Amino acid sequence: MLITSREQLYIAMSELVQNVPNGVNPAAYEDINFISGNIGTMTFENLTSSEIALFDKDLRLLAYMTSLQRDLSSILLEQRDAFLVGASIAKKQFGVPFRGLNGTGGFNMQLIRPVTVLSNIPTSLGGGGGTPVLTWKRYFSQTGWQALFGNPSNPVNLGVTGNGTSAMTTYKRVLMEIPYLLSTGPSPKVQEIQISVLQTTYPVYPLSWLKLSDIYIAKLPGVLFANLNGTFSIQANIGTTGVDEIIPLGLQFVTSDYAVLQQ
């Protein structure tokens with residue numbers, strides 16, 4: 001629609017706001033690029049005003065907790081609107097209220113855990129092969145393209161069934177948003193990445209690493225969003241061999257029973 005008057009602008013903004021989750025800045029919403037394979041088909045349920053207040057409080061707390069060790073608070077908070085969209089989608093998927101970091105009787109949010117991402121990936125691809133993985137640290141023995149977090153044939157699977165008391169059982173329990181990668185090694189080994197979500201493989205993306213004190217951070221070309229029971233992978237072009245610790249920095253929204261599982 002060609003907007004030629006203030007009235008038309010008001011109507012256009014009203015229509016936009018109707019399609020934006022409560023609490024999300026409409027202008028920011030327009031600029032969010034989700035790498036999801038099917039974000040256009042996802043629906044959300046608005047968080048209540050008290051849930052949004054809890055979300056903002058606990059996101060600040062989570063960012064502050066992280067920044068006690070690394071200067072990352074502003075980086076996480078920069079993605080506030082994208083994370084709130086994810087929380088609204090999670091509320092629709094789980095059908096229960098949002099309970100922040102520690103509340104019970106709904107769903108929670110956490111930093112992304114190695115046990116969730118790596119445990120069910122084959123050991124030949126850097127995973128646990130069905131045993132818990134509790135660290136992001138990895139030794140790259142060769143250069144070139146290889147699995148960083150799975151590949152399209154063996155992706156990270158958020159729909160794994162099995163033992164309900166294990167954090168490796170992700171079926172109907174986990175959604176995930178990843179806007180950044182961190183490297184805590186002496187220097188990042190990853191030069192380029194290629195993301196796949198569900199059946200969609202995205203273009204190769206060269207990483208630009210920013211050094212922050214003793215870590216490096218790279219922003220992805222969009223926010224990788226893995227929906228309930230979805231799959232995703234990140235392949236990487238490794239420039240040099242050696243030890244690195246590549247961490248997907250973001251949030252996972254999880255059922256309260258999953259949030260308490262150790263491994």
- Over the chain, what number does the Rg to Rh ratio reach, with both radii from the alpha-carbon atoms and Rh per Kirkwood? 0.98
- Query: Assuming R0 = 41 Å, what is the FRET efficiency of L77 and T165, from their Cβ-Cβ distance, to the nearest 0.05?
  - Reply: 0.75
- Can you give the Rg and Dmax of the stretch 123-200 based on its C-alpha atoms, in angstrom? 13.9, 39
- Item | L198 long-range amide H proximity, modeled H, under 5 Å | T231, F232
- Message: Taking amide H atoms as placed 1.01 Å from N in the peptide plane, list the residues 5 or more away in sequence, or in a different chain, whose amide H sits under 5 Å from that of R173.
- Response: N229
- Estimated distance in nm for a label pair at S153 and L134, the labels positioned 7 Å out from Cα along Cα-to-Cβ: 3.2
- Short version: ³J(HN,Hα) in whole Hz for each residue of the stretch 223-229, in order, from phi by Karplus 6.51 cos²θ - 1.76 cosθ + 1.60 (θ = phi - 60°), x for Gly and Pro, what are they? 8, 5, 10, 10, 7, 3, 6
- Using the Karplus equation 6.51 cos²θ - 1.76 cosθ + 1.60 (θ = phi - 60°), what ³J(HN,Hα) coupling, rounded to whole Hz, does each residue of the stretch 45-59 give in order, writing x for Gly and Pro? 10, 4, 6, 6, 4, 6, 5, 5, 4, 5, 4, 5, 4, 6, 5
- Normalised Cα Rg of the stretch 80-229, dividing by 2.2 N^0.38 Å with N its residue count, works out at 1.08
- Message: Full-extension gain between Q110 and V96, please, as 0.36 nm times their residue separation minus the C-alpha to C-alpha distance.
- Response: 3.4 nm
- Per-residue HN-Hα couplings for the stretch 149-158, Karplus 6.51 cos²θ - 1.76 cosθ + 1.60 at θ = phi - 60°, whole Hz, x for Gly and Pro? 10, x, 9, x, 7, 9, x, 5, 10, 8
- Task: Please give the residues of the stretch 125-148, grouped as numeric ranges, whose backbone N is less than 17 Å from a label point set 7 Å along the Cα-to-Cβ vector of Q191.
- Result: 140-148
- Task: Give me Y258, Y171 ranked fewest to most by other Cβ atoms within 10 Å of their Cβ, as a rough exposure proxy.
- Result: Y171, Y258
- Item | Fewest-first ranking of R113, R80, using other Cβ atoms within 10 Å as the exposure measure | R80, R113
- Message: With equal scatterers on the alpha carbons only and no solvent term, can you work out the Debye log10 of I(q)/I(0) for the stretch 214-263 at 0.32, 0.33 1/Å?
- Response: -1.43, -1.45
- Once both labels are modelled 7 Å past Cα along the beta-carbon direction, what's the Y205-N38 spacing in nm? 2.1
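Every read-out reported here was derived from the displayed coordinates using simple, explicitly stated rules and does not represent laboratory data. Keep in mind the model is a prediction, meaning the values are calculated, not measured. In this analysis, Cβ positions are derived from the backbone assuming ideal geometry, glycine residues included, and neighbour counts consider all displayed protein chains.
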